[in-house]
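S.K.: Starting off with a structure, shown below.
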Amino acid sequence: MSLPHLQTYAQRALRHKNPAANSFLRQSRGKSQILPSAWMSPPQKTFSPSSDVVGPFVCLVKTHIDIIEDFTPSLVAELQALSAKHDFVIFEDRKFADIDRQLVHLTNAHPVPGPSIITGLSSVGLPLGRGLLLLAEMSTKGSLASGSYTEAAPNETTAEEDFLVLTPGVGLDVKGDAMGQQYRTPREVVLESGCDVIIVGRGIYGKDPSLVDSVVAQAKRYREEGWAAYLARIKPL
């Protein structure tokens, strides 16, 4: 059997059982592996409009609900409506151990506790069609999540051999920043490392997510670069 990352998304969808992962693999809108990251502390009044702006060009939207300055429950309904409108998946970057009250498609967790965290979260999340991402590594300089830790993370579960790989720290113009973030290009992570989804924050939003023309232009740019790398990856030898 071909390695999962060498197959097309459509081929992988035929045998992928997880509802959240299957939703991404089957998305008919296609030609996008971008996950825009809300890296700032945006007010609610700008977060929904900015998600609406990038919605047509991305496959997932990553949120940090706990950093929204003026959060109200209405934001959840707004994001769910935008998800349906633009056919993107909502990923809440919580890094904690309970998803029974999360109204999103995906959340994540550190595999430090071992297999028990998978068992506990899946017992609650799977009946709701939720997906769980394991944080096998991080893109910040000096991260301890590397080496044997990263290699062992997928071994915490045997439920699915085809894992979706999401990679943060993707940028086209810079290699790092003052906060210790390290960036790789879409080609490096998709073609060379077998990544499925590229997580882009500053590269899309810049310093001002309200600049619609700039945000749209950058979203299109990353979508084109990422998809070109994906097509190169699955091209028959």
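S.K.: Quick one: in region 225-237, of everything that is in a helix (DSSP H, G or I) and over 13 Å from Gly203 (Cβ atoms), which residue is most open to solvent (accessible area, probe 1.4 Å)?
M.R.: Leu231
S.K.: A further question follows. Name the single residue that is most open to solvent (accessible area, probe 1.4 Å) among those in region 45-82 being outside any helix (DSSP H, G or I) and of a type outside the set (A, V, I, L, M, F, W, C).
M.R.: So the residue we want is Glu69.
S.K.: If you scan region 23-43, which residues turn out to be at pLDDT 70 or above, open to solvent by 20 Å² or more (accessible area, probe 1.4 Å) and not hydroxyl-bearing (Ser, Thr, Tyr)?
M.R.: Selection gives Arg26, Gln27, Lys31, Pro43.
S.K.: If only one of Val197, Val165, Val189 is touching a Cys at 6+ places or on another chain (Cβ under 6 Å), modelled with pLDDT of 90 or more and surrounded by 15 or more Cβ atoms within 10 Å (Cβ to Cβ), which one is it?
M.R.: It is Val189.
S.K.: So, one more: Mind checking which pairs have a first residue in region 111-132 that is on the phi > 0 side of the Ramachandran plot and of a type outside the set (A, V, I, L, M, F, W, C) and a second that is open to solvent by 30 Å² or more (accessible area, probe 1.4 Å) and in a loop (DSSP other than H, G, I, E, B), Cβ under 9 Å, 6 or more apart or different chains?
M.R.: Matching pairs, first to second residue: Gly129/Asn18; Gly129/His105.
The values are calculated or read from the model by the stated rules, or taken from the named source; none is laboratory data. Owing to the predicted nature of the structure, the values given are computational and were not obtained by experimental measurement. Cβ: placed from backbone, ideal geometry, glycine included. Neighbour counts: every protein chain shown. Accessible surface is based on the protein model in full, side chains and every heavy atom, while ligands, DNA and RNA are left aside. Shrake-Rupley method; radii C 1.70, N 1.55, O 1.52, S 1.80 Å.
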